[in-house]
Amino acid sequence: MKFLQIENLNLSIYGMGILKNVSLSAEKGEIIGVIGESGSGKSMMAFSVMDLLPTGTERSGRIALDGQDLLTKTEAQMCAIRGNDIGMIFQEPMTALNPVKTIGDQVAETVLIHGNASRNKASQIARDTLNRVGLPAEQFPLSRYPHELSGGQRQRVVIAMAIALQPKLLIADEPTTALDVTTQAQILDLLKKLVAEDGMCLMLITHDLGVVAELADHIVIMKTGEVVEAGETHALFRNMQHPYTKALFEASSHVPDKGDARAAEPAPLLEVRDAIRDYVLPRKTVFGKQGSFRAVNKVSFTLTKGENLGLVGESGCGKSTLTRAILGLEELQGGEIRINNTTVQAGTHMPRELRRKMQVVFQDPYGSFNPRHKVARLVAEPFHLLEVELNGAERRKAVEEALIEVGMQPLDADKYIHEFSGGQRQRIAIARALIIKPDLIILDEAVSALDVSIRAQILDLLADLSSRLNLSYLFISHDLSVVRSVTDRVMVMKSGEIVEYGVTEAVFTNPQHAYTKTLIAAAPSLHDALEKEND
């Protein structure tokens, strides 16, 4: 009997089958990777191990952890097992964290509830754990709140909560989705170190085949609630049997067709000149002088009509701050931003005709939607920017066409956003941005939550729309492979400054700045991992 043994697990919710005869196993000190598309049942299988399931759920089969059958445990017994024996890193850090509690209290809470430690001891463990995941005390005191952190930093807090008591089994559901490549490499090294030092078993759920190839000992491929292929990682990738596995492999290295090369237009669509954004820091003493932090430091670039421009950099480098300034949501302390030769008055109300020219797809697909509204209303939100707003059947038709374009179904318009997986929510967010066909779309980590096959479809869609409608994209991402495949030019940002700027392929082939070289070296690659194994 292996340490973790799942045998013939079946799961249904109100009679609808979700999982069908799922079986997998792993020993202590092993990493098992679980891969599949959004909606394949990966997360529901993990929630079954934790017994964090909705009402109306029925399960059969066996889930054994170190010889204990978890399906026979009461809720009180599972409460004792969660946190102590099983930890979990959830997919979306902003929804996993409590916005009114400090990060120190949230990490310490795990220790207080499950570890029977004093409050002082729990705070010390929280501090040590946050240090381990790259949030040092001098920059990230325990008194920080989640909204004061970037997406990647919030993900590290969630990881700290999961590993605070060094569980025997750690379930990581897309643990590096929101992380830049250098931080992702650090977190993966940390997880690998925990497995080696503590003899912990790690179940890694991800859509990133490069991460799995570099980290996992064994791999399980899931499709529509079933395991279609499983085996030792590199052996499986060298000798793939199932068509679905082969399709995932091909999609991971998919390069969209950008269409025929277009001549650059003389006038820029978006122009940023010497943009500066400073934040006031709190006083260290009652009568002390207020300091400031420069998030964006004299950034300049241009984006022409029909061009795709990439922006890459670590979490906290200023990418999102610059994006908010372009959207008019952040005040600038210096510089200028212009759209179609019209100045954007950053930090003030933007006229409707100017706002209509650009749309945005945000990083967190769940946090950018009102959960009380149905998808039809959410996708149609930009219609108020049109001179003549669509109504009735015409409005419904436009919403359905937008959903179909991003791989959803027309009937999805009548559902609520909580009924979809993370990847499906992101597709709905892209549909909302596309529906009024703006001149500029700012994509802030637009494909970070998507599995590889859907990501390939979305990238094809974006490339097709750009070519056909002469759309321009500002593509912000930590996924260097995506930026390389879809952009014409790329900017590399570090500490609020653009340190390298040029034609995308030239920058990736022959990087000049040391930081750019570090980013490229840290990016996980499925093909590189397999070649390294062969060597």
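Per residue, the chain reaches -10500 deg cm²/dmol at 222 nm when only DSSP H runs of four or more residues are counted, each adding -39500 (n - 2.57). At a probe radius of 1.4 angstrom, the accessible area of the chain per residue rounds to 44 square angstrom. For the range 132-206, the Stokes-Einstein estimate of translational diffusion at 25 °C and a viscosity of 0.890 mPa s comes to 190 µm²/s, using the Kirkwood hydrodynamic radius over alpha-carbon pairs. For the range 419-467, the alpha-carbon coordinates run over 29, 20, 16 Å along the three principal axes, in decreasing order.
Accessible surface for HIS384 stands near 100 Å², nearest 10, in the context of the full protein assembly shown (1.4 Å probe). Only one residue of VAL212, TYR244, LEU190 has its Cα farthest out toward the positive end of the dipole of the range 122-273, where Lys and Arg carry +1 and Asp and Glu -1 on Cβ, and that residue is LEU190.
Counting only protein heavy atoms and a probe of 1.4 Å, the accessible surface of the chain is 49% carbon and sulfur. Could you tell me which of the pairs LYS20/LYS168; LYS121/LYS192; LYS2/LYS168; LYS101/LYS494 are separated by over 19 angstrom between their Cα atoms in the structure shown? Exceeds cut-off: LYS20/LYS168; LYS121/LYS192; LYS101/LYS494. Which longest run of the chain has no exposed loop site in it, a site being trypsin sites (Lys or Arg not before Pro) in a DSSP loop with at most 10 other beta carbons within 10 Å, and the site itself not part of the run? It runs 1-283. With a cut-off of 12 Å between beta carbons, the residues surrounding GLY334 carry a summed charge of 0, where Lys and Arg count +1 and Asp and Glu -1. Each residue, GLN290 and GLU138, gets one label point 7 Å from its Cα in the Cβ direction; the gap between the two is 2.5 nm. With both labels modelled 7 Å from their Cα along Cα-to-Cβ, the TYR416 to VAL280 distance reads 4.1 nm.
Compared with the dominant Cα axis of the chain, that is its longest principal axis, helix 151-163 is turned about 10°. Measuring nothing but how far apart in sequence close Cα pairs (under 8 Å, 6+ apart) lie, relative to its length, the chain scores a relative contact order of 16 percent. Each residue of the range 87-103 was assigned a 3J(HN,Hα) from its phi angle through the Karplus curve 6.51 cos²θ - 1.76 cosθ + 1.60 (θ = phi - 60°); the sequence is x, 9, 9, 7, 5, 10, x, 5, 7, 7, 9, 8, x, 9, 10, 6, 5 Hz, with glycine and proline shown as x.
Given R0 = 30 Å, the distance between the Cβ atoms of ASP257 and ILE404 translates into a calculated FRET efficiency of 0.90. Full extension of the chain segment joining ASN120 with GLN166 gains 14.7 nm, where the gain is 0.36 nm per residue of separation less the Cα-Cα distance.
With the gyration tensor restricted to C-alpha atoms of the range 1-87, the semi-axes of the equivalent ellipsoid amount to 19, 17, 12 Å, longest first.
The values are calculated or read from the model by the stated rules, or taken from the named source; none is laboratory data. Quick caveat: nothing in here was measured; it's all calculated off a predicted structure. Backbone-built Cβ (ideal geometry, glycine too); neighbour counts: all protein chains shown. These area figures cover heavy atoms from the full protein model, side chains too; ligands, DNA and RNA do not enter into them. Shrake-Rupley method; radii C 1.70, N 1.55, O 1.52, S 1.80 Å.
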